[in-house]
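Shown next, in structure tokens, is the structure this report addresses.
The values are calculated or read from the model by the stated rules, or taken from the named source; none is laboratory data. Everything numeric here is computed off the predicted structure, so don't read it as measured data. Here Cβ is always computed from backbone atoms with ideal geometry, including for glycine, and neighbour counts include all displayed protein chains.
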Amino acid sequence: MNQPDPSNKTDRLTYVKVPKKISKMTDQEIDDWANQVFEHLMSGQSGNFFDYAKSKAEKVNMGMPVYSSDPEFFSSWSLGADHPTQGRRYSNVKIQFAEMAKSNNLEVVEIAPRTATHAELLRVHSARFVIQVTEKHIRFHSSDEDGAPAVLASAMVGATLQMLEILLAGKTLTAINFAGAKHHAQYDFPFGFCVFNDMAVAATIATADHGLRVAIFDIDAHHGDGTENLTLKNPDVLTYSVHQFGIFPGTGRVSDPANHAYNKALVAGDGDEKLAEASQEFLSLVAEFKPDLVFIAAGADGHVSDPLAGLAYTVEGYVECARALREALPTMPMLIGGAGGYQPDDFTPEIWAKFALQIALDAQASRTSSVGN
């Protein structure tokens, strides 16, 4: 048998079989990798080909870090000393997620949030409302003289848009803004502890400016009414909200399939089984809708002991939901927002951290297992 010729590209690519399921490799990356593997084999140091192939593929395609907006930036977010929304939940999730990521050898890149521009906010909100909040510092029923809450509300949108930009650049498959998914915010007024609707802004930009399709899965205990309303007429956005009906905001009992708006209304006491059902229903819709991006409003207030709802999800149920999503969509870019959760010192940050971790780890595992298949 003739020895392959290192100068001949056909010989190189014939001799070095590239695993079929390596994703997101350009032709040039495949060729460069084949050259390196070929040279390694021809040097007499071949060892196990697939062990070497796996290590090379990991350097090219695996090992993607997870990106997260720095939650600590939002630690001062509060709507009052006795209000259920407290910014320390962001400080706590920062600590827990960092510890979990480190113990699982997961690299996390934290990004300092930026504020959203007026132009970005105007993609889904009225000019009058944007000016009221950002310049007059009017929010809910009070005026904030220092303007700090207005800056944080704008930064919640800016942070989500930073995560969108990172996903669009192909730097990761998992991007997180724990302070994001302000899903009740409406066109011209704040609602349900939410000022600006970051996911609606991000979905509008992804679809209108980049020609992509977005599917939004909202597992917060409260109906994602604002996100649904603000994207309802966008044919490239699908929304699916699973929530307890009969509590705030009192909507979300019916679906609007013609506009890709789906709701699963639960009753008090419904638990992990219903959350799993919702995950499978969402995935069935995704299979038909074929989005380019998936956004997840990972509200932790469906937990059995959360004070503002009556659902009975467990921490394990949330983790299983994340696992089901990532196993079904291993290469899908996913943007996670924390949405609601009113146990700031224990279950809320724990659920957020474990949910995001599962999405990220399963993405890495799926990419690694594809090598050599």
Considering the range 237-249 alone, what residues qualify as being surrounded by fewer than 24 Cβ atoms within 10 Å (Cβ to Cβ) and either out of contact with any Asp or Glu (no Cβ under 9 Å at 6 or more places or on another chain) or among the aliphatic types (A, V, I, L, M) (or both)?
-> Phe245, Gly246, Ile247, Phe248
What tally of residues in the range 251-262 results from selecting those that are touching a residue at least 24 places away in the same chain (Cβ under 8 Å) and surrounded by fewer than 16 Cβ atoms within 10 Å (Cβ to Cβ)?
-> 1
Of the listed residues (Gln358, Gln364), the one being touching a residue at least 60 places away in the same chain (Cβ under 8 Å), crowded, with 20+ Cβ neighbours inside 10 Å and assigned to a helix (DSSP H, G or I) is Gln364
Is one or more of the residues making up the range 181-190 crowded, with 20+ Cβ neighbours inside 10 Å and at positive phi?
-> yes
What number of residues in the range 72-127 are surrounded by 19 or more Cβ atoms within 10 Å (Cβ to Cβ), closer than 17 Å to Ala360 by Cα and over 19 Å from the mean Cα position of the chain (by Cα)?
-> 0
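Let me confirm something: among Ser154, Ser142, Ser241, which residue is among the polar types (S, T, N, Q), modelled with pLDDT under 95 and in the same structural domain as Leu106 (by TED's automatic domain parsing)?
Matching residue, one of Ser154, Ser142, Ser241: Ser142.
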Of residues in the range 185-214 being of a type in the set (A, V, I, L, M, F, W, C) and touching a Ser or Thr at 6+ places or on another chain (Cβ under 8 Å), the one nearest to Met334 (Cα to Cα) | Val214
Residues located in the range 165-180, provided they are closer than 28 Å to Phe248 by Cβ and either surrounded by fewer than 24 Cβ atoms within 10 Å (Cβ to Cβ) or among the aliphatic types (A, V, I, L, M) (or both) = Ile176, Ala179
